[in-house]
Amino acid sequence: MNFPKTCIVIAGPTAVGKTAFAIEIAKTFHTQIISADSRQCYRELSVGVGKPTAAQLSEVKHYFINSYSIQQEVHAGLFEQYALAAAEEIFRYNDIAVLVGGTGLYINAFCDGLDEVPLVLPDVRNGVITSYKEHGLEWLQQQVMMNDPAYFNDGEIQNPQRLMRALEVKLSTGRSIRTFHTRQKKTREFSIVKFGLELDKQILHHQINQRVDEMMENGLVEEVLRLIPFKHLTALNTVGYKEFFAYLDGQISLNEATDLVKKNTRLYAKRQMTWFKKDLCIKWIHPHNYAAVKEFIDL
């Protein structure tokens, strides 16, 4: 079914050029942007998350940028509600909206809706978090392998947040988290077209390394210093912050932390591409191929 309103979704790995691309497309259609980035929504984070600059934000209005504090719980369900409300607001004045980001789960939540949310017991959640902090990732992987082999076989077993979620769901409900993944798509009252930005791996890796160097020049370590009182928060257990917390704790050198951020960012980009490549609706284009989007929308 075709609707008179259309949302252009722009996905892709970190550092591929999504921000600049989305701004160009939004300016072309005189519309606004909804960010689908799980970290750029936090007011306290800036340099380490590659947030759009003040000049870029002044060019085009962005939703879901600086919308929350790191002390608030932000999840895909909240994003789904926020982004749908933002799209509805944009559609009051324009037939086109733009959604851009690299958080695949958030994009899926917006486009297709979320599955049933299992009820997790607070004591179970706190116990899983505490045990992970004490015993580390390997312990967490073993627990998920024993308790929820269905998730362990094809889930993100290097991602502690995903592993903790799988474990707390199984311990709380007795069911694998996979049983809650029904993948029943919700109907949206607008059309959705998806574009993915893609570069040769060597070029993307160069851009990732270059961006980390620029972050260092722009004060990333100083930003991390200001965030030390909050380093226990889940929002900061992420690439670009955890490595420098280790440096500030004296565990590794500054050069080691910087190299580790580059390595972990490259690995993250690989996981993003693995996620997005599963979506056969995404049309893959070069980050400078603005014409492909314009031509498709004008059809």
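The values are calculated or read from the model by the stated rules, or taken from the named source; none is laboratory data. The structure presented is a predicted model; accordingly, all values stated were derived computationally and were not measured. Using ideal geometry, Cβ is built from the backbone for each residue, glycine included, and neighbour counts are taken over all protein chains shown. When the accessible area is computed, the model is the full protein with side chains, heavy atoms only, and any ligands, DNA or RNA have been set aside. Shrake-Rupley method; radii C 1.70, N 1.55, O 1.52, S 1.80 Å.
The residues of the chain expose, per residue, 52 Å² of accessible area to a 1.4 Å probe. Spin-label pair Asp154-Ala20: with each label point 7 Å from Cα along the Cα-Cβ axis, the two points sit 3.8 nm from one another.
Multiplying the residue separation of Asp259 and Trp284 by 0.36 nm and removing their Cα-Cα distance gives an extension gain of 6.0 nm. Remark: the range 139-147, residue by residue, has Karplus-estimated 3J(HN,Hα) of 4, 4, 4, 5, 5, 5, 4, 6, 8 Hz, where x stands for each Gly or Pro and the curve is 6.51 cos²θ - 1.76 cosθ + 1.60 at θ = phi - 60°. In a reduced charge model with +1 at each Lys and Arg Cβ and -1 at each Asp and Glu Cβ, the range 54-96 shows a dipole moment near 100 debye about its Cα centre. Counted residue by residue at 0.36 nm each, then reduced by the alpha carbon distance between them, the extension gain from Arg162 to Asn147 reaches 4.0 nm. In the chain the longest region clear of trypsin sites (Lys or Arg not before Pro) that are loop-assigned by DSSP and have at most 10 other C-beta atoms within 10 Å covers 186-277. Annotation: amide H-H contacts under 5 Å for Leu99 (H modelled 1.01 Å from N, sequence separation of 5 or more, or interchain): Ile8, Val9, Ile10, Ile34. Residue-normalised convex hull volume from the C-alpha trace of the chain: 137 Å³ per residue. Three principal axis extents of the range 260-299 based on alpha-carbon atoms, in descending order, are 44, 22, 9 Å.
Taking a label point 7 Å from the Cα of Arg175 along the Cα→Cβ vector, which residues of the range 143-166 have an amide N closer than 18 Å to it? Counting only backbone N, you get 147-152, 165-166. Could you pull out which residues in the range 15-53 have an amide N less than 14 Å from a spot 7 Å beyond the Cα of Tyr68, following the Cα-Cβ vector? Output list for this probe position: 35-45.
Can you send over the carbon and sulfur percentage of the accessible area for the chain, probe radius 1.4 Å, protein chains only? Kindly include the intermediate steps, with their values, before the conclusion.
Details: 7900 of 15530 Å².
It is 51 percent, rounded to a whole number.
Only DSSP H runs of four or more residues enter the estimate; each adds -39500 (n - 2.57), and after division by the residues of the chain the mean residue ellipticity at 222 nm equals -16000 deg cm²/dmol.
Between the alpha-carbon centres of the range 106-179 and the range 24-38 there is a gap of 33 Å.
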